[in-house]
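A short write-up of the structure that comes next.
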Amino acid sequence: MQNSFPLPFSVPGTRLVVVGTRTRSRGAWLLSPVAMVVVGFLLRLLAAALYRSYWISPDVDHFGFGYEMGRVARAIAAGHGFSSPFQGETGPTAWLAPLYPALVAGVFRMFGVYTMASAWVVLAINGFFSAMTCWTIYAIAKRITGIGVARWAGWIWALLPHAMYWSSRWIWETSMATFLLTLALLLALRIASEARTRDWILFGVTWGLIALTNPSCLTLLPVFGIWAAYRSWHAREPWLRGAAVAAVLFLAMLAPWTYRNYEVFHQFVPVRDNFGVEFWLGNADYSEGLWMLWLHPSTNEIEMSKYTQLGELQYVRAKRLETVDFVRRHPARFAELCGRRLAWFWVGVPHSSEKPLFAEFRNSSIVLLSVLAWWGAWFMVRRRRAGAWLILLSMAVYPLVYSLTFVDARYRHPIEPFMIIAGTYLLSIAMPRRLSVVKPRSSRDIAESQPAAA
């Protein structure tokens, strides 16, 4: 009996088959999202070991361990509450969203503050969220483009070094926010096709978790919500009740943290309060549009002194007013800086301190993924793939908030799963249409090579 390994890629007009029971079951597992998640997780742990990310420099009292995240987590673990994001005890803060620092604080309490064991546990958590994104990528792509692209996209995310970087090098919320955002898109697709109240409930809860992890992603909440509601309405499915339940749950999840902020600061602070400083760090008379790290309170003693003297909210307010004045005086210059940042989001941020060869390689890979993603998303829309507009709109809307402040390679990571799906779809339609195949053994083989109904 002839055994052939199953082809993971499906091209219209072709049919795939696996002959031989043992090879069939083994190949099916290798092409499953479970295998993607397991392999992806192990590779991320390996990458953390190779990078030696578990070793945190003791310089500046281990500030490199999560930076502000680590400082706030240490304060929580020490019983001082959500406070002190920089050096010393500076009192309550809303500089960060609360979920990830609270998670790191739990690790600190169990494995020690700024210990190697804690670093390993946090990196493993990051790796878990990054690996789980293989599953959401697979599920999203299967609904939009079919199982062939889903398999390729899932495995690309599992194996791509660029996709592993932030989870294995940075103690930050990036991987967690990325997984939650892909889960939100998956739920929007499910709502559009099935309109179940359960999915609306999960949708509201997921967006609540996103808001408490990385509020910058909330720019996509109206995009996902309106699209899901419109698709349900267009299919004459009930949507108003589900959308109302999702909205109530979303606000209910934000209410305790908002109440805490009001009790502490005596002002309305929905999630975090540092936008004014972020706005200032990218815009000034001497700014080139990049992040002016040397002015950040964590690195500048003068700014840190101002932060301590004024208090967090007054310091943020002063920086916001200073930046608004700059924008009022130089609107053309501000527009130019925004345009630069929007371009850098897609072609890579220049770093003069890097070796030229490394910088060129890194930015070339960023440009390649950007081109494939935009081209692929456009083809998906033209070919009327259900959910294609969500991918395209996510890529168009998400960078806008960063064009106002500053950009970093890490900031686009939450939408890179969508870019991988779109780019993989483009490659799938560019593949040769004739593959070496034989007749499928069952209708299930044929069904799995077709995209799920929207």
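The values are calculated or read from the model by the stated rules, or taken from the named source; none is laboratory data. Since the structure is predicted, the reported quantities are computational estimates derived from the model, not experimental observations. Cβ: placed from backbone, ideal geometry, glycine included. Neighbour counts: every protein chain shown.
Structure notes:
- Hey, Leu187 at pLDDT 95 or above, under 27 Å from Ala102 (Cα atoms), touching a helix residue (DSSP H, G or I) at 6+ places or on another chain (Cβ under 6 Å) and surrounded by fewer than 24 Cβ atoms within 10 Å (Cβ to Cβ) or not: no
- Of the numbered criteria (1) farther than 30 Å from Trp280 by Cβ; (2) modelled with pLDDT of 95 or more, the one Glu416 fails is (1).
- Qualifying residue in the range 68-85 (condition: out of contact with any Pro (no Cβ under 9 Å at 6 or more places or on another chain), closer than 29 Å to Val264 by Cα and part of a helix (DSSP H, G or I)): yes
- So Phe128, is it among the hydrophobic types (A, V, I, L, M, F, W, C) and under 17 Å from the mean Cα position of the chain (by Cα): yes
- The residues in the range 87-128 that are over 15 Å from Ile171 (Cβ atoms) and not hydrophobic (A, V, I, L, M, F, W, C) can be counted, and the count is 9.
- Taken over the range 296-305, residues that are in a helix (DSSP H, G or I) and surrounded by 15 or more Cβ atoms within 10 Å (Cβ to Cβ) amount to 2.
- A search for C-beta distances below 6 Å between a residue of the range 372-400 that is over 14 Å from Gly423 (Cα atoms) and any residue that is not in a helix (DSSP H, G or I) and not polar (S, T, N, Q), counting only pairs 6+ apart in sequence or on different chains, returns Ala386/Ala454.
- Restricting attention to the range 277-295, the residues being closer than 20 Å to Leu96 by Cβ and crowded, with 20+ Cβ neighbours inside 10 Å number 6.
- Residue in the range 310-327 that is among the hydroxyl-bearing types (Ser, Thr, Tyr), outside any helix (DSSP H, G or I), surrounded by 14 or more Cβ atoms within 10 Å (Cβ to Cβ) and in contact (Cβ under 8 Å) with a residue 40 or more places away in the chain present: no
Okay, residues lined up against (1) more than 17 Å from Lys319 (Cα to Cα); (2) at pLDDT 95 or above:
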| residue | (1), (2) |
| --- | --- |
| Ser232 | yes, no |
| Glu237 | yes, no |
| Leu249 | yes, yes |
| Thr258 | yes, yes |
| Asn261 | yes, yes |
| Val264 | yes, yes |
| Phe275 | no, yes |
| Glu278 | no, yes |
| Trp294 | no, no |
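- None of Thr219, Thr206, Thr178, Thr182 is surrounded by fewer than 19 Cβ atoms within 10 Å (Cβ to Cβ), in a helix (DSSP H, G or I), among the polar types (S, T, N, Q) and under 18 Å from the mean Cα position of the chain (by Cα) except Thr219.
- Yes/no for Thr145 being farther than 22 Å from Ser298 by Cα and among the polar types (S, T, N, Q): yes
- Within the range 156-171, considering residues that are under 15 Å from Met419 (Cα atoms) and out of contact with any helix residue (DSSP H, G or I) (no Cβ under 6 Å at 6 or more places or on another chain), the one modelled with the lowest pLDDT: His162
- Qualifying residue in the range 36-51 (condition: assigned to a loop (DSSP other than H, G, I, E, B) and either in contact with a Ser or Thr (Cβ under 7 Å, 6 or more places away or on another chain) or at pLDDT 90 or above (or both)): no
- Matching residues, the range 252-269, being surrounded by fewer than 16 Cβ atoms within 10 Å (Cβ to Cβ) and either within 24 Å of Val347 (Cα to Cα) or in contact (Cβ under 8 Å) with a residue 40 or more places away in the chain (or both): Ala252, Gln267
- The set of residues in the range 341-370 that are among the aliphatic types (A, V, I, L, M), modelled with pLDDT under 90 and part of a helix (DSSP H, G or I) comprises Leu357, Ala359.
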